[in-house]
1. Within the range 1-100, report the GluC sites (Glu not before Pro) that DSSP leaves as loop and that have at most 13 other Cβ atoms within 10 Å.
2. Using a Förster distance of 41 angstrom, determine the FRET efficiency expected from the C-beta separation of Glu178 and Ser447, and round it to 0.05.
3. Based on the Cβ-Cβ distance from Asp37 to Glu114, what FRET efficiency comes out when R0 is 35 Å, to the nearest 0.05?
4. Hey, rough spin-label estimate for Arg207 and Glu406, points 7 angstrom out along Cα→Cβ, what's it come to in nanometres?
5. What is the spin-label model distance, in nm, from Lys303 to Thr55 if the labels are put 7 Å beyond Cα along the C-beta direction?
6. If you keep only loop residues by DSSP, which trypsin sites (Lys or Arg not before Pro) in the range 414-458 have at most 15 other Cβ atoms within 10 Å of their Cβ?
7. Run the paramagnetic zone check for Leu65: 7 angstrom along Cα to Cβ, then residues of the range 1-34 with backbone nitrogen under 19 Å.
8. Under 5 Å between amide H atoms, partner at least 5 residues away or on a different chain: which partners does Gln315 have, H built in plane at 1.01 Å?
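Nothing in this text is a laboratory measurement; each read-out follows from the coordinates by a stated rule. Fair warning: this is a prediction, and the values are worked out from it, not measured in the lab. Counting neighbours? That spans all protein chains shown, and the Cβs are built from the backbone with ideal geometry, glycine included.
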Amino acid sequence: MPTVLSIADAVQQRFAQAISTAFPDATDSDPQLRRSDRADFQANGIMSLAKPLRTNPREVATRVLEHLAADGVIANLEISGPGFINVTVTDAAILERIAARAADTRLGVGSATEPGVTVIDYSQPNIAKEMHVGHLRSTIIGDALVRTLEFTGEKVIRRNHLGDWGTQFGMLIQYLVEHPDELGDDTESTDSGPSMSRLNRLYKASRAKFDGDGDFADRSRRRVVDLQAGNPDTVASWQGMVDESKVYFEAVYARLGVLLEDADAIGESYYNHMLADVCADLEASGVAVRSDGALCVFFDDIKGPDGEPTPLIVQKSDGGYGYATTDLAAIRDRVGMLGANQLLYVVDSRQALHFQMVFETARRAGWLPDDVRALHLGFGTVLGKNGKPFKTRSGETVRLMDLLDEAVDRARAVVSEKSPQLASEELEDRAKQVGIGAVKYADLSTSRTRDYIFDTDRMVSLNGDTGTYLQYAYARVQSILRKAPEGVAPTAHEDLALEPAERALGLLLDEFGATINQVTGTFEPHRLCAYLHNLASAYTTFYEHCPVLKAPTQEVTETRLLLCQLTGQTLRQGMDLLGIGTPERL
């Protein structure tokens, strides 16, 4: 089915045509059509059009209106204030679009005519370390962007950049060699993955020994050399840690309900054989130069506190490589081998300078052509109720699984109170949908670059701007649709006059496609959250003022059922793009 032309676009087209007819030299003028509380829409562009014409704005508005008339879309036009034009649309136009969207599996939202290839890098946990609250935002935001971009037709390649290489693995392996008694029982497990708590404990013990014992640190560094050289026993030990960690990661992702799979996990080790060539090519081209034995890239506009240039170090003076080298190799691989024309990195905002230097270096080297976009999508921090970074009472970073379990436990209490008749199995399923959905919505509804406070009581509230409120609105819609009498089906009766609450809901439903375009244009999922919350609120007002099953006539009932149906479809599709479940009953 072709894209449904929204009412806003239809009115915009009419205004653009009228302006170009009235003022042939102003064919590119933007009517600046906006929703208004004085009418359905308001055209504000007349003000900016009047200035170059050296004409009174109201006179310009009058001339534009001479080429506009009421039709199947526009019901009324009125000049307001110094030159704004208020627009009221017809009830029939609203109903026509509601019917068209409800009949389409994509709700009338078109897909890209020329889709590109986007590689999106997100989540990025470390092997042998449990995921913590710091991984929450990258994983959730990345998942929502993947879902939304794919919905628009973009080819999306997911990349979970695992920290699986470097000195810490020499440290871990050496510690296990010297302390085999601490391997523990292979059957040891946590609720979030086999033996992960054991690996986490060993990591802390080996780190403490590495930091406090110089001889052990030297032995660990030699073990890294063995790993890089492919020593069979060392590689086998490392591979065991990787495999064990991946099982745990998959359990976390399953709990979160995100799309990441094992095939998306590409560790730093994947790029290891490329690093020497990266450095050689940078040095040969003059992009990087030697400084105190290290291979560095310098930038005129990046300086340290002392005023001296701050370089990007691509090879250390001892010959070792760092994150920058791996990230450069990844760019070359993603553009050259995967054919990406857009690279997205969902990484903590504190890494902004790092990515600025990496992207500029890749462009100088020719690995990031001008027609390939690279963006660091930074995000803020998850805070505790005290407004400080979320920590346990002992000061440690909160485990991600503990945080999710807390949300599900709180949701279980809310759902059980609301629906005490639920069987235990169904209660657990609802609790998970509500609890995990609440966590995701709280994160995604916050502007990506802002911090937010993690408060499970607020998150699972049935009132306010919460995921649970959206789920409750969806369940209410489904309840009405289930109760519709036999022979009474959602239908648009375009000759009906709509109530104000019906019009408001219908116009908002017509904005879904524009909202999706905003999200993919800005990479800001909170815009979709805001839209869905407004939609649920508008539906609540409609529900309170416009009886559906007890409407005065069957035609009104059927029209209102159509509004209910499309509201449910839009909530479900919107929440699916956010990775949030939609229980049929709550």
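1. Details: sites: Glu59, Glu66, Glu78, Glu96; in loops: Glu66.
Here the GluC sites (Glu not before Pro) that fit, given the DSSP loop and packing criteria, are Glu66.
2. About 0.25, to the nearest 0.05.
3. Working: r = 38 Å, r/R0 = 1.08.
Plugging the Cβ-Cβ distance into 1/(1 + (r/R0)^6) gives 0.40.
4. That separation, rounded to one decimal, is 2.0 nm.
5. Computed distance between label sites Lys303 and Thr55 equals 5.3 nm.
6. Taking the range 414-458 and a limit of 15 other Cβ atoms within 10 Å, the loop trypsin sites (Lys or Arg not before Pro) found are Arg450.
7. Answer for the range 1-34: 11-23, 31-34.
8. Sorted by chain and number, the residues that satisfy this are Leu295.
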